[in-house]
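I have placed the structure first, in the form of structure tokens, so that the comments after it can refer back to it.
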Amino acid sequence: MMAADQTVHGVPPSLSAKVVGSFAYFTVKDRLPTILTKVIDTIHRNKNKFFEEYGEEGIQAEKQTISLLSKLRNELQTDKPILALTDGLHDTEAWNQYLQRHQGVQRDQESVSWFKSPWLYVECYMYRRIQEALWLNPPISDYDVFNEGKTQSFFESQQAVMALCTYLEGINKNMEGLSKNQLLEHFNKLLLVSLWGNKCDLSISAGQENSQKMSPIDSLDSLQPFILVNDSNMVWSTLISAQRPGQSGKVTAGRVDIVLDNAGFELVTDLVLADFLVSSGLAREIHFHCKSIPWFVSDVTANDFQWTIQQTMAANHKWMSKSGYQWKIYVKEGVWSYHDHCFWTQPHEFCDMAADAPDLYATLQEADLVLLKGDLNYRKLTGDRDWDHTVGFDTALRGFGPAPLCSLRTLKANVQVGLQLGQGEKLTSQDPDWMTSGKYAVIQFYSPKSEQ
Ligand SMILES: O=P(O)(O)OC[C@H]1O[C@](O)(CO)[C@@H](O)[C@@H]1O
Ligand SMILES: [Mn+2]
């Protein structure tokens, strides 16, 4: 396996908090402890609920969990070594092996620790340790500490969700009569809505309210200048070329996998896109990939996925509830399916997937197109390394390419590849925070087929 923090064969080092003043440094120093403090507060605020549900045992669990989390925060803030996990879950061994791998390659006798090791690793590790703290306290093991924020962000985006479902209804109603160009136009719009939906995550704001208030369709034009790379035409042609004549002479389309990111408004934009892909015949089936534990504050779990569909169905708005019912039918009929895999909540760069999660890699190879939402997926695609901005996306993927894939990401971390010569420098001079503000975005495509 590749060393974590050295330049090997032209591969740049991982971003890390050891670079004082870097965004990684600022995140580990300030944002992660803030998130941990909020988690502690949330658990404490729910003390009565735990008592009502589990009696005295619930209170003990609340205290114990808080004490483990306070210890975790202290380890982080004092740059203690990363510790092996002790909770015996099905992925514990994989995490501990990953730690050993890092201990094996660490130079200069430095320990594997919060400020010295790769930022991607330690940030993922923090969320896994939160899970451990809860898991070790059985009555509250399944408690999702981020649930309140995720449901709040869904409810605060209601106006935008209604507008989006109304727009979707308008398309679906007239689907038969649409020309190919009109279809392409709708496709582009809904792809952009899903892209900008990624602005609404909760971890960048350390859990602060971050919902969509405006109609998402209306803001698309004004956001166009902020898209730094737009490969949407390749996404479209991949979908078209996956269409094949079926048995009855009817065209069958390909399978699209969507690696989801955040719950709340972003998830709705992804479901709307998925609905359109199926109803237009651009996709035959959609496989959604979600997280198996609460992750990076706002990421979608199985529970969030089901809950969002239920809430959409239950809405007091004709087109919103119609959409919700349709989504439930898609799930019931298997046109949409939900999958989770523990690799998504591990710290690996995606170039390790073929070796470390071969079953997941094989699943993705069956897709005709994989859409990967959000910033964290982009960091994992590119290994969260200090790449030059002009390095090609294909180079940064370092062999990861189970199927044609596309990242839909607003920039919230300082890694960005595939730009034109001088483009990064120009952005830095105009807008020094361009890589971390969530104001810019990319639709970046890669196909292993073009390499054959
Ligand atoms: O939900 P997203 O788009 O993956 O964003 C989460 C991102 O926000 C951050 O918290 C910003 O540092 C990153 O850790 C992470 O990449
Ligand atoms: Mn996220």
Exercise. Tell me, which residue of the range 363-385 that is out of contact with any helix residue (DSSP H, G or I) (no Cβ under 6 Å at 6 or more places or on another chain) and away from ligand 1 (no atom under 15 Å from the Cβ) is nearest to Val19 (Cα to Cα)?
Worked result: Leu364
Exercise. Residues of the range 319-375 being within 16 Å of the chain's Cα centre (by Cα) and either part of a strand (DSSP E or B) or surrounded by fewer than 16 Cβ atoms within 10 Å (Cβ to Cβ) (or both), which ones?
Worked result: Tyr338, His339, Asp340, Val370, Leu371, Leu372, Lys373
Seminar exercise, completed: Over the range 403-435, the set of residues under 21 Å from Gln224 (Cβ atoms), among the polar types (S, T, N, Q), open to solvent by 30 Å² or more (accessible area, probe 1.4 Å) and not in a helix (DSSP H, G or I) is Gln420
Exercise. Out of (1) under 21 Å from Asp340 (Cβ atoms); (2) open to solvent by less than 20 Å² (accessible area, probe 1.4 Å); (3) in a helix (DSSP H, G or I), the odd one out for Asp87 is which?
Worked result: (3)
For this session: Mind listing whichever residues of the range 430-452 are more than 20 Å from the chain's Cα centre (by Cα) and within 16 Å of ligand 1 (Cβ to nearest atom)?
Result: Asp433
Seminar exercise, completed: When the range 286-318 is checked residue by residue, the ones that are open to solvent by less than 30 Å² (accessible area, probe 1.4 Å) and among the aliphatic types (A, V, I, L, M) are Ile286, Ile293, Val297, Val300, Ile309, Met313, Ala315
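Being closer than 23 Å to Ile171 by Cα, of a type in the set (Ser, Thr, Tyr) and more than 15 Å from ligand 1 (Cβ to nearest atom) is the filter here; which residues of the range 268-319 pass it?
Passing the criteria: Ser279, Ser280, Thr308, Thr312.
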For this session: Please find, among Leu427, Leu397, Leu411, Leu421, the residue that is within 16 Å of ligand 1 (Cβ to nearest atom) and not aromatic (Phe, Trp, Tyr).
Result: Leu411
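Considering only residues of the range 256-267 that are under 19 Å from Asn303 (Cβ atoms) and of a type in the set (Asp, Glu), which is nearest to ligand 1 (Cβ to nearest atom)?
So the residue we want is Asp261.
Suppose the filter is assigned to a loop (DSSP other than H, G, I, E, B), modelled with pLDDT of 95 or more and within 15 Å of ligand 2 (Cβ to nearest atom); does Ile293 pass it?
Details: assigned to a loop (DSSP other than H, G, I, E, B): yes; modelled with pLDDT of 95 or more: yes; within 15 Å of ligand 2 (Cβ to nearest atom): yes.
So Ile293 fits the description; yes.
Only one of Thr92, Thr78 is open to solvent by less than 60 Å² (accessible area, probe 1.4 Å) and either in the same structural domain as Thr395 (by TED's automatic domain parsing) or out of contact with any Gly (no Cβ under 8 Å at 6 or more places or on another chain) (or both); which?
Details: Thr78 fails: open to solvent by less than 60 Å² (accessible area, probe 1.4 Å).
After ruling out the rest, the residue left standing is Thr92.
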Problem set entry | Of the criteria (1) closer than 29 Å to Trp114 by Cα; (2) acidic (Asp, Glu); (3) free of Cβ contacts under 8 Å to residues at least 24 places away in the same chain, which one Asp352 fails | (3)
Seminar exercise, completed: For the range 203-216, the count of residues that are modelled with pLDDT of 50 or more and open to solvent by less than 30 Å² (accessible area, probe 1.4 Å) equals 2
Exercise. Are there any pairs with C-beta distances below 6 angstrom linking a residue in the range 158-176 that is of a type in the set (S, T, N, Q) to a residue that is open to solvent by less than 50 Å² (accessible area, probe 1.4 Å), with the two at least 6 apart or on different chains, and if so which?
Worked result: Asn172/Ser279
For this session: Would you point out which residue out of Leu411, Leu364 is in contact with a Pro (Cβ under 6 Å, 6 or more places away or on another chain) and at pLDDT 95 or above?
Result: Leu364
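Only one of Tyr121, Tyr143, Tyr127 is open to solvent by 10 Å² or more (accessible area, probe 1.4 Å), under 25 Å from the mean Cα position of the chain (by Cα) and of a type outside the set (Lys, Arg); which? Reasoning before the result, please.
Details: Tyr121 fails: open to solvent by 10 Å² or more (accessible area, probe 1.4 Å); Tyr127 fails: open to solvent by 10 Å² or more (accessible area, probe 1.4 Å).
From the options Tyr121, Tyr143, Tyr127, the qualifying one is Tyr143.
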For this session: Write out, first by first residue and then by second, each pair whose Cβ atoms fall under 6 Å of each other, whose residues are 6+ apart or on separate chains, and whose first residue, in the range 177-201, is part of a helix (DSSP H, G or I) while the second is within 16 Å of ligand 1 (Cβ to nearest atom) and hydroxyl-bearing (Ser, Thr, Tyr).
Result: Val193/Thr269; Ser194/Thr269; Gly197/Thr269
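The values are calculated or read from the model by the stated rules, or taken from the named source; none is laboratory data. These figures come from a predicted structure and were not determined experimentally. All Cβ positions, glycine included, derive from the backbone under ideal geometry; neighbour counts span all protein chains shown. Side chains are part of the model used for accessible areas, which takes the heavy atoms of the whole protein and leaves out ligands, DNA and RNA. Shrake-Rupley method; radii C 1.70, N 1.55, O 1.52, S 1.80 Å.
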